[in-house]
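To keep things clear, I will list the structure first and then write my remarks on it.
The values are calculated or read from the model by the stated rules, or taken from the named source; none is laboratory data. These numbers were taken from a predicted model, which means no experiment stands behind them. Glycine gets a Cβ as well: all are built from the backbone with ideal geometry, and neighbour counts include every protein chain shown.
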Ligand SMILES: NC(=O)C1=CN([C@@H]2O[C@H](COP(=O)(O)OP(=O)(O)OC[C@H]3O[C@@H](n4cnc5c(N)ncnc54)[C@H](OP(=O)(O)O)[C@@H]3O)[C@@H](O)[C@H]2O)[C@@H](O)CC1
Ligand SMILES: Nc1ncnc2c1ncn2[C@@H]1O[C@H](COP(=O)(O)OP(=O)(O)O)[C@@H](O)[C@H]1O
Ligand SMILES: [Mg+2]
């Protein structure tokens, strides 16, 4: 399997056009975070903001609202139980699943969001959203999809047990799933029109919230650079490349630190 190369990533992340405004760089809605997993919503939303998305809104449980406002004043915050259909229509990219849970409330949020998304929008399907779809609790929406399962979520979605997940079996299963599939692991594989492996990442990333962070980076990249294989590849590469830099001097690469490093890392990439 080919690996993602730096040239591809540098081609994706270009200097920002001067004649622009916030709407130029993508509207992202993150639907995430139940009462227990507010951190997942904070990480995904922060990654979208620090990854350069122009306008970011998070729909989450009201218990998470004060923390979000305090930590991330750039983001708008709404109750995920309110009617989101008008808000959804305004978005370029929707992230759904980080820390959503799999109870009846999560199911109803997921189903209502999927019912409102448009075929021209990109939906990043992560975490609990994947688990619920695999359990046939929600139908796959007609949209530009990006799936981000970890190995157990991929087992649930594809039916391939972790021990049997190889580039070949993964590619075959991914071909039956609409959109781009990011099978996360020690060496993440990305299946779209092309199949590639991410050369970066380490055990320093094995900490809760790493995947939640990736969803926000992917959303920011698609919002700015469009829905393409190479854009998703660039997001996956950037996530692990920042963690690899941190891991040179740190035992653990905390997701919050990866997020904080995004603006500088992207500047360097864009100048290459
Ligand atoms: N701060 C927050 O708010 C945070 C919120 N979070 C949110 O929590 C929700 C639940 O997320 P989840 O991933 O922990 O749960 P689930 O899908 O049941 O998978 C776990 C099971 O799968 C197994 N497993 C095997 N291989 C694996 C692999 N490669 N990667 C991972 N797991 C693997 C694993 O086996 P074990 O660990 O026992 O070896 C275990 O049996 C989700 O919505 C997420 O967004 C988290 O992000 C943390 C920070
Ligand atoms: N040992 C490892 N080596 C490289 N990358 C890893 C390792 N462990 C985890 N990761 C990366 O961290 C992320 C974990 O995603 P996920 O399990 O969904 O996290 P969470 O749901 O806790 O946010 C993925 O991007 C994965 O590739
Ligand atoms: Mg996850």
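Do you know which of the residues in the range 111-128 that are touching a residue at least 60 places away in the same chain (Cβ under 8 Å) and either part of a helix (DSSP H, G or I) or surrounded by fewer than 16 Cβ atoms within 10 Å (Cβ to Cβ) (or both) is farthest from the chain's Cα centre (by Cα)? Here the answer is 113.
One line per residue, one yes/no per condition, for (1) touching a strand residue (DSSP E or B) at 6+ places or on another chain (Cβ under 6 Å); (2) more than 20 Å from residue 255 (Cβ to Cβ); (3) at pLDDT below 95:
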site: 154; (1), (2), (3): yes, yes, no
site: 159; (1), (2), (3): no, yes, no
site: 180; (1), (2), (3): yes, yes, no
site: 187; (1), (2), (3): yes, no, no
site: 191; (1), (2), (3): yes, yes, no
site: 195; (1), (2), (3): no, yes, no
site: 205; (1), (2), (3): no, no, no
site: 214; (1), (2), (3): no, no, no
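Taking the range 1-110 and the strands (runs of 3 or more DSSP E) fully enclosed by it, the elements with 1 or more residues that are within 16 Å of ligand 2 (Cβ to nearest atom) and over 20 Å from residue 225 (Cβ atoms) are at 27-31, 55-60, 93-96. Residues that are away from ligand 1 (no atom under 16 Å from the Cβ) and on the phi > 0 side of the Ramachandran plot within the range 195-245 comprise just one, 226. Residue 179 satisfies every condition listed in (1) within 29 Å of residue 246 (Cβ to Cβ); (2) in contact (Cβ under 8 Å) with a residue 24 or more places away in the chain except (1).
Count, please, the residues in the range 128-145 that happen to be within 13 Å of ligand 2 (Cβ to nearest atom) and closer than 23 Å to residue 193 by Cα. Total meeting the criteria: 1. Residues of the range 236-252 that are touching a residue at least 40 places away in the same chain (Cβ under 8 Å) and within 16 Å of ligand 3 (Cβ to nearest atom): 236, 240, 243. Say whether the condition of being surrounded by fewer than 16 Cβ atoms within 10 Å (Cβ to Cβ), more than 15 Å from ligand 2 (Cβ to nearest atom) and either under 21 Å from residue 2 (Cα atoms) or modelled with pLDDT of 95 or more (or both) is met by at least one residue in the range 230-243. Among the residues of the range 230-243, not one is surrounded by fewer than 16 Cβ atoms within 10 Å (Cβ to Cβ), more than 15 Å from ligand 2 (Cβ to nearest atom) and either under 21 Å from residue 2 (Cα atoms) or modelled with pLDDT of 95 or more (or both), which makes the answer no. Would you confirm, using the coordinates I've provided, whether residue 26 is under 26 Å from residue 237 (Cβ atoms), touching a residue at least 12 places away in the same chain (Cβ under 8 Å) and crowded, with 24+ Cβ neighbours inside 10 Å? Criteria met by residue 26. Annotation note: Cβ proximity below 7 Å between a residue of the range 33-47 that is more than 15 Å from residue 95 (Cα to Cα) and free of Cβ contacts under 8 Å to residues at least 12 places away in the same chain and a residue that is within 12 Å of ligand 3 (Cβ to nearest atom) and part of a helix (DSSP H, G or I) (sequence gap 6+ or interchain) occurs for no pair.
Scanning the range 153-166 for residues being farther than 16 Å from residue 214 by Cβ and either crowded, with 16+ Cβ neighbours inside 10 Å or within 16 Å of ligand 3 (Cβ to nearest atom) (or both) gives a total of 7. From the list 163, 174, 135, the one residue that fits, being in contact with a strand residue (DSSP E or B) (Cβ under 6 Å, 6 or more places away or on another chain), farther than 22 Å from residue 46 by Cβ and either without any contact (Cβ under 8 Å) to a residue 24 or more places away in the chain or within 13 Å of ligand 1 (Cβ to nearest atom) (or both), is 174.
Evaluate the range 73-93: report whether one residue or more is surrounded by fewer than 13 Cβ atoms within 10 Å (Cβ to Cβ) and touching a residue at least 40 places away in the same chain (Cβ under 8 Å). Yes, that holds for at least one residue. If only residues of the range 203-224 that are more than 14 Å from ligand 3 (Cβ to nearest atom) and surrounded by fewer than 20 Cβ atoms within 10 Å (Cβ to Cβ) are counted, the one that is nearest to residue 25 (Cα to Cα) is 204. Test residue 131 against the stated conditions and say whether it is within 14 Å of ligand 3 (Cβ to nearest atom), part of a helix (DSSP H, G or I), over 15 Å from the mean Cα position of the chain (by Cα) and at pLDDT 95 or above. Judged against the criteria, residue 131 is a match.
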